[in-house]
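The values are calculated or read from the model by the stated rules, or taken from the named source; none is laboratory data. The structure displayed is predicted, hence computed values, not measured ones. Here the Cβ positions follow ideal geometry from the backbone for every residue, glycine too, while neighbour counts run over all protein chains shown.
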Amino acid sequence: MDSVTHYDAIILGAGQAGGPLAGALARAGRRTALIERLHVGGTCINEGCTPTKTMVASARVAYLARRAADYGVRAGAVTVDMAAVRQRKRNIVDSFRSGSERRITATTGLDLVVGEACFIGPNAVEVRGTAGTRGLTAPLIFINTGGRPTRPALTGLVSIPTLDSTSVMELAELPEHLLVLGGGYIGLEFGQMFRRFGSRVTIVQRTSQLAPREDADVAEEIRKILCEDGVEVLLDTKAASVERVDDGPIRLTVQDGRGERALLGSHLLLATGRSPNTAALNLRAAGVETDKAGFIKVNERLETNVAGIYALGDVKGGPAFTHISYDDYRIIRTNQLEGGDASTRDRLVPNTVFIDPQLGRIGLSETEARAEGRSIRVAKMPMSYVARALEMDEPRGFLKAVVDADTGLILGAAVLGIEGGEVMAALQLAMMGRLPYTVLRDAVFAHPTLAEAFNNLFTTSEGWERGNPRT
């Protein structure tokens, strides 16, 4: 070890919790080291939200261009330049990343250390970088190392080229036939995206529905939308083995209720979940406990079992969303710098799946509410009953809200429809303010907007299964 430097705080990982926390600690007068092995910004900026949603936007333009005649607009044949799509994505990522780097390097009292870190004790880490190996010590250490795509245990997988959620965005040419292993959020977004770019797409899902965490009716509606877009969806289908056929196509052997069959594709995307980046941290040296999957165990204040060591973001398990990682930072900031007592208890967890139309989700699903034995009412209405959706020729999907039968408070919602994430946010605000559904039912919203759908969704005189379209 070349040298040892003492800090007030050490942060492992410059993600959406680590970066802001490092700046807040340094500005508060605490000498801070922010260690990053690859690039600042974490998964969100570099491999997650920013690049994927940039490419989703490109795919939607291709989709709308092909539908131009539906709007009375004449357009020619639509082709997609994947190299240009990729470059647009790279430019936006580079802009976001460089902005984060400038903020970090301009902060007094904050040192950005590039290298691979591992614990050598409960208050000490070793960092190996291009300039050598150095030691850092601090009474406070925050772990924000995130996660990575999981590789499933599949016979033959080691012998063929595969794509994951990072490498699939670096393709310069369009896959002829993309096989997607996994029907969760990642598989759904990329599956629809590449179908809209022009690829043939097959999604292989081992369970009986797509998006297994969602209610069955939501998952079925997603399936219908993807199939309408031309995506082949195989449910209750297990991948058995994979091989390359004479340096040509990929043969994926699958099993379902009818037996075994082979799928031939040009590319294979692995979308089977994510694993925590903890293996290289040598957590045993610090005594930090993890679960069987390697996620770091924390309490409601994000404290590990070792005093002075905290974990934030995806590395601790639970909801793997950028906004949750950022809120983890706010909890630590509140408790460490502001003398507060913040925790994750009762934290609402919104999320949006950026298929098109979007799925916005907040709170309890109907399935979860019934499993908890709650007395509920369910309000549900198709997007085809929303004037604004019809005017935009985007009537696919539905709104669904779960309401406490006794108090009238909204317990959760799923909005599968145009700008579903934005519409969901309005329901989230009502939940945060503990407003009964009647407030939204009786509110005067501007016409024609998507928000006025709440008037019909919650109109009891029309029943709680279907409202009437407003025109």
| message | If I ask for residues that are of a type in the set (Asp, Glu), part of a helix (DSSP H, G or I) and free of Cβ contacts under 8 Å to residues at least 60 places away in the same chain, which ones from region 70-105 would you list? | response | 94
| task | Give region 47-65 a look and list any residue that's part of a helix (DSSP H, G or I) and touching a helix residue (DSSP H, G or I) at 6+ places or on another chain (Cβ under 8 Å), or say none. | result | 49, 50, 51, 52, 54, 55, 56, 58, 59, 60, 62, 63
| query | Looking at 174, 178, which is the one that is in contact with a His (Cβ under 7 Å, 6 or more places away or on another chain), closer than 30 Å to residue 353 by Cα and hydrophobic (A, V, I, L, M, F, W, C)? | reply | 178
| query | Which residues, counting only those in region 335-371, are touching a residue at least 60 places away in the same chain (Cβ under 8 Å), out of contact with any Lys or Arg (no Cβ under 8 Å at 6 or more places or on another chain) and not in a loop (DSSP other than H, G, I, E, B)? | reply | 336, 337, 358, 359, 360, 361, 362, 363, 367
| message | Which count do you get for residues in region 140-173 that are assigned to a strand (DSSP E or B), surrounded by 19 or more Cβ atoms within 10 Å (Cβ to Cβ) and over 16 Å from the mean Cα position of the chain (by Cα)? | response | 5
| strands (runs of 3 or more DSSP E) enclosed by region 1-44 - at least 1 residues per element that are under 17 Å from residue 325 (Cα atoms) | 9-12, 32-36
| Within region 212-294, which strands (runs of 3 or more DSSP E) (wholly inside it) include 1 or more residues that are in contact (Cβ under 8 Å) with a residue 24 or more places away in the chain, closer than 19 Å to residue 153 by Cβ and of a type outside the set (A, V, I, L, M)? | 238-244, 274-276
| When region 372-423 is examined, which residues are found to be β-branched (Val, Ile, Thr) and either under 28 Å from residue 67 (Cβ atoms) or not in a strand (DSSP E or B) (or both)? | 386, 407, 415, 418, 423
| query | Just checking, which of 198, 156 is in contact with an Asp or Glu (Cβ under 8 Å, 6 or more places away or on another chain), at pLDDT 95 or above, of a type in the set (Gly, Ala, Ser) and closer than 30 Å to residue 230 by Cα? | reply | 156
| request: For residue 131, state whether it is among the hydrophobic types (A, V, I, L, M, F, W, C), in the same structural domain as residue 212 (by TED's automatic domain parsing) and surrounded by fewer than 21 Cβ atoms within 10 Å (Cβ to Cβ). | output: no
| request: Hey, could you check region 365-402 for residues that are buried (at least 18 other Cβ atoms within 10 Å of the Cβ) and basic (Lys, Arg) and say which is farthest from the chain's Cα centre (by Cα)? | output: 388
| request: Can you tell me which residue among 33, 84, 22, 28 is touching a Leu at 6+ places or on another chain (Cβ under 6 Å) and surrounded by fewer than 16 Cβ atoms within 10 Å (Cβ to Cβ)? | output: 28
| Meets criteria (over 14 Å from residue 311 (Cα atoms) and without any contact (Cβ under 8 Å) to a residue 60 or more places away in the chain) for residue 6 | no
